[in-house]
Amino acid sequence: MRSLGLLAFVAALTAAPQPQPVFRSGVDLVRFDVRVTDGSGRPITDLRPEEVQVIEDGKPLPLLLFQHLQEPSGSYADAALRSVSAEVSSNRGAPRGHLYLLVFDQVHIAAGNEQIARRAAETFIKTRVRPSDRIAIVGIPGPGPDLGFTADRTRAIAELARVHGDLERNVKSAAGNLSLHEAYEIVAGDEQVAADVLARQSADLSADVGSATAAGMGGISDRAASRQGESPAVMRKVILENARTVVAQADAAARDTLQRLADLVAQYRTVEGRKTVVLFSEGFHQSNVTRELEDVAAAAAQSYAVFYAFDLNRRAGTDPSQPLTPSTSAAAEIQARTEPLGSLAIETDGVLVTDAASHLDSALDRIADQAQDYYLLGFTPSAAALAARGQYRRVSVRVTRPGARVSARTGYAAPRSGAPVDRRRAIDGALAAPFAQQGLRVEYTTYVVRSDNAGRARVILSLDADLPVADEQHDSADVVFVVRDARDGRVVASGTDTMRLPAAASGGAPTGPGTFRVHFDIPPGSYLMRAVVREPGGLIGSADRRLDVRGLSGPDVTVSDVILGSSAGSLPVRARAFAQDGLSGMLEAYGRTPEQLEPLAVTMTLAAADGTSAATVNGTLGETMSTGAGVTRRATFALPLSSVAPGDYVVRVKVSSGQETVADLSREVEIAPGSAPVAPPPEATAAITAAATLKPAEILSGDFVRVARSTLRGVATAAAPTTPATSAAQHATKGFDLFAQSEYAAAAAELAESMRLDQTSAAVAFVLGWAYEGTGDHREAIGAWRGAATIDPKMVPAHLALADAYLRLSERALAAQAVRAGLAALPESPELQAKLAQIEGK
């Protein structure tokens, strides 16, 4: 009984779920594309991370990323329109065409045989390459076709005319005629092949002597007769040396081809998506190029390239390039030449198409018919792989679901150190890529309000991304956006910035949420926008959006977009409200004179997915305010949700002036049950809870604090006489460092001393407030934040922190007052506007 209990205990430990590894910034990450199907060959679309293992040397590797890439339903055009026109732009479910890379191994295709492949490729491009697909065509080595990914099918077809074949199967030399395959067999020690070649060459010499004598060419006949009289041993040695020379030259050509192929595939690793490489070749011998084949497989793994090798060898009786009297069978030669093609296909989860010349069209059709449904697994390389970077490591992928079949490549190589990825080039590649990148989840939306610049509107970009957790060396990710005029592609707005990496993973996931907000001014019109996020390790996510901007500065009454309050904060990407808290929101109306805005009325309706109304409320209109571009009147609304069932809804807002409808607006929202988990903790546990929930890295990486911290550190370390300013900087620097280590009490003491010596730094006062909050001293925290807002009235984070502190103390009126003080300095701040609407709407 005791042993049974022990066995049960061990089994329980084994079956217990293991903690989710955390994806930290800066770690090496290998991404692996895997196809999983059921017994009927249909893709399995609901696989869970815990059902998948990547095994190396019998041990599972930590799985940090798990993504399912699936072709959307319907036509590409419809899916693309839905994706870019949605309220929230996302790279999840974004449509993707196929990426075809046609490679012609020109040095290993016999002259004439390339015509078969060229004609089939042309038919394929004309009939199977869709407008959504991209195709590249390359001949190696050059000269030959050299076309990067393009949607221009006419240009691609024209490039095919440059394809040629250079393979010579038979070598003529002073030592006699020899086929490539015979040379490899002789070097490998096949005595029978050597004897057959010797006999053939002896017969050829006898024929040469007779022909030369009959023609009266005595000198030639004498030299041929002299060679004919050499001993068989000498002739064998000559044949062997000649075979070695032939093999060395053939191996050099094969290595050159494989190196070029690896470089070609590697250059497309910044282009996201599974790439179908169609390799047209008659093959080469594998015995001396194993390492080069693994280099190609490693490059393919990094670029998500799958090889479909098309064997162009002509079979017996159909190829005039075959030797007339071969000592080895044509079948044996073809098998030897296609072995490396088969290896490439197997290593990359592709297919070797044998005797492709007889059915090229149908084979290419089968490739086009394959579904773009696969999983991307991200894992950390093993210690052995990191110790031998660049070397191919073999792994296997296991799926525990019964009946599931896995199709995956056979290995990977850890990226070589000392070759950092060019950030700018990678981002530029993502901006120019044919499809959205899906290495990181990226979602964003936009809010349009009026700008102070006449004739322009202000667009607020609100973006969320799944990001790795910050480490000591990396605390931010790159964010780039480009907005182009939909008519001519002209860039009208762009920006390059950073967003903070999360301090911790969220909810058992290996990554955490990152947020980014920015605004820019553009004229009214229709635009196409792409936003790109790149984390320090090189993973990239991007999403596309169609942006239609209304004119908001004309003589008529116009309105901004609806901004909903959300548990996620102001300006949410996806609005979310809790049933017990209610739903709040706001919008702005614009005009030239106050009289235009006086008769406005605002009605908000919460509608279910089927269009039925769940609740309706009238908006509250504030006073009309003068702004640089005219007048503005803000409308807020608050809707109780206690009787509303949780689910997805649409907020519809109607703005009218008398009997005239000014605008009909909408915004999606999720209603969750209960209350938002932000209730203040009991006083007895306030300090413990504050210390557990504070995120010092996020606070210190904010724009205001980051700049001030760098400046103060420079002052503190400068070789200058000690002054109150330098002493204050030294205390502030030490306080910042202690705060980063979550030493809140010590940090508060240092920062308070800094403020005593110099009361001019809003950033020091702001962080001092958070240090007090970490100790549980909320009253002192409020005082410090109030001081920060007084020193710099435009420090939005200080106003928001002060408002949240008052809300935790149930002082709603004081919270509203704090936000209004910020709006007095920054009346156009969307963060403060949304916060005030949230406060006043409850």
Study note, to complete from the structure: Karplus ³J(HN,Hα) for the stretch 379-391 (6.51 cos²θ - 1.76 cosθ + 1.60, θ = phi - 60°; Hz, whole; x = Gly/Pro) runs 9, 8, x, 5, 4, 5, 5, 6, 6, 10, 4, x, 7
Review point. Does the stretch 694-834 come out rounded, prolate or oblate by the C-alpha gyration tensor, with a ≥ b ≥ c the root eigenvalues, rounded set by a/c under 1.5 and, if not, prolate when a/b is larger than b/c and oblate if not?
Key: prolate
Study note, to complete from the structure: Note: the stretch 103-209, point scatterers on Cα, Debye, no solvent; log10 I/I(0) at q = 0.23 Å⁻¹ equals -1.15
Check your understanding: With each pseudo-label sitting 7 Å past Cα toward Cβ, what's the Arg244-Gln759 distance in nm, one decimal?
Key -> 9.2
Exercise for review: Classify the stretch 474-601 as rounded, prolate or oblate from the Cα gyration tensor: take a ≥ b ≥ c as the square roots of its eigenvalues, call it rounded if a/c is under 1.5, otherwise prolate when a/b beats b/c and oblate if not.
Suggested key: oblate
Study note, to complete from the structure: Taking Cα atoms, the helix 703-717 axis meets the longest principal axis of the chain at an angle in degrees (rounded to 10) of 90
Practice item. With runs of 4+ DSSP H residues as the only contributors, calculate the mean residue ellipticity of the chain at 222 nm using -39,500 (n - 2.57) per run, divided by the residue total and rounded to the nearest 500. Key: -11500 deg cm²/dmol
Check your understanding: At q = 0.05, 0.07, 0.08, 0.10 Å⁻¹, what log₁₀ I(q)/I(0) does a Debye calculation on the Cα points of the chain give, no solvent, two decimals?
Key -> -0.41, -0.70, -0.86, -1.16
Revision key, fill the gap. Taking placed amide H atoms and a strict 5 Å upper bound, the residues 5 or more places from Ser476 or on another chain that come that close are Leu501
**Study point:** Potential lengthening between Val234 and Ser710 on full extension [0.36 nm per residue; Cα-Cα distance subtracted]
**Key:** 163.3 nm
Check your understanding: Roughly what % antiparallel, to the nearest 5, for the DSSP beta bridges in the chain?
Key -> 80
Check your understanding: In degrees between 0 and 90, to the nearest 10, how far off the longest principal axis of the chain does helix 423-432 point, with axes built from Cα atoms?
Key -> 90
Exercise for review: Would you mind classifying the stretch 785-842 by shape? Square roots of the alpha carbon gyration tensor eigenvalues, ordered a ≥ b ≥ c; an a/c under 1.5 is rounded, otherwise it is prolate if a/b is larger than b/c and oblate if not.
Suggested key: oblate
Point to revise | Lysine pairs in the chain with Cα atoms under 27 Å, if 8 or more residues apart or on separate chains | key: 10
Check your understanding: Semi-axes of the equivalent ellipsoid of the stretch 400-506: what are they in whole Å, largest first, if each equals the square root of 5 times a C-alpha gyration tensor eigenvalue?
Key -> 34, 19, 18
**Study point:** Nearest-0.05 FRET efficiency for Ala188 and Leu81, computed from C-beta distance (R0 45 Å)
**Key:** 0.15
Revision key, fill the gap. Taking max minus min of the Cα coordinates of the stretch 390-444 on each principal axis, largest first, gives extents in Å of 43, 34, 17
**Study point:** Size of electric dipole in the stretch 693-821: Cβ of Lys, Arg +1 and of Asp, Glu -1, about Cα centre, debye, nearest 20
**Key:** 260
Practice item. Would you mind counting up the charge near Thr511? Only other residues with Cβ under 9 Å from its Cβ, with Lys and Arg at +1 and Asp and Glu at -1. Key: 0
Point to revise | Fraction of alpha-carbon pairs over 18 Å apart in the stretch 586-649 - percent | key: 47
Review point. Given the convex hull of the Cα atoms of the stretch 699-743, what is a quarter of its surface area in nm²?
Key: 3.1
Review point. Going by average Cβ neighbours within 10 Å, how do the peptides 784-791, 154-161, 61-68, 641-648 rank, with the highest at the top?
Key: 784-791, 61-68, 154-161, 641-648
Practice item. Take the Cα atoms of the stretch 723-805, build their convex hull, and give its volume per residue in Å³. Key: 71
Check your understanding: What residue among Ser553, His519, Met586 has its Cα farthest toward the positive end of the dipole of the stretch 513-617, where the charges are +1 on Lys, Arg and -1 on Asp, Glu, each on the Cβ?
Key -> His519
**Study point:** Degrees separating the helix 812-825 axis from the principal Cα axis of the chain, which is the longest one
**Key:** 70
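Any read-out appearing in this document is the output of simple, stated calculations on the displayed coordinates, not a laboratory observation. Please read these numbers as outputs of a predicted model, since none were measured by experiment. Glycine also receives a Cβ, built like all others from the backbone with ideal geometry; neighbour counts cover every protein chain displayed.
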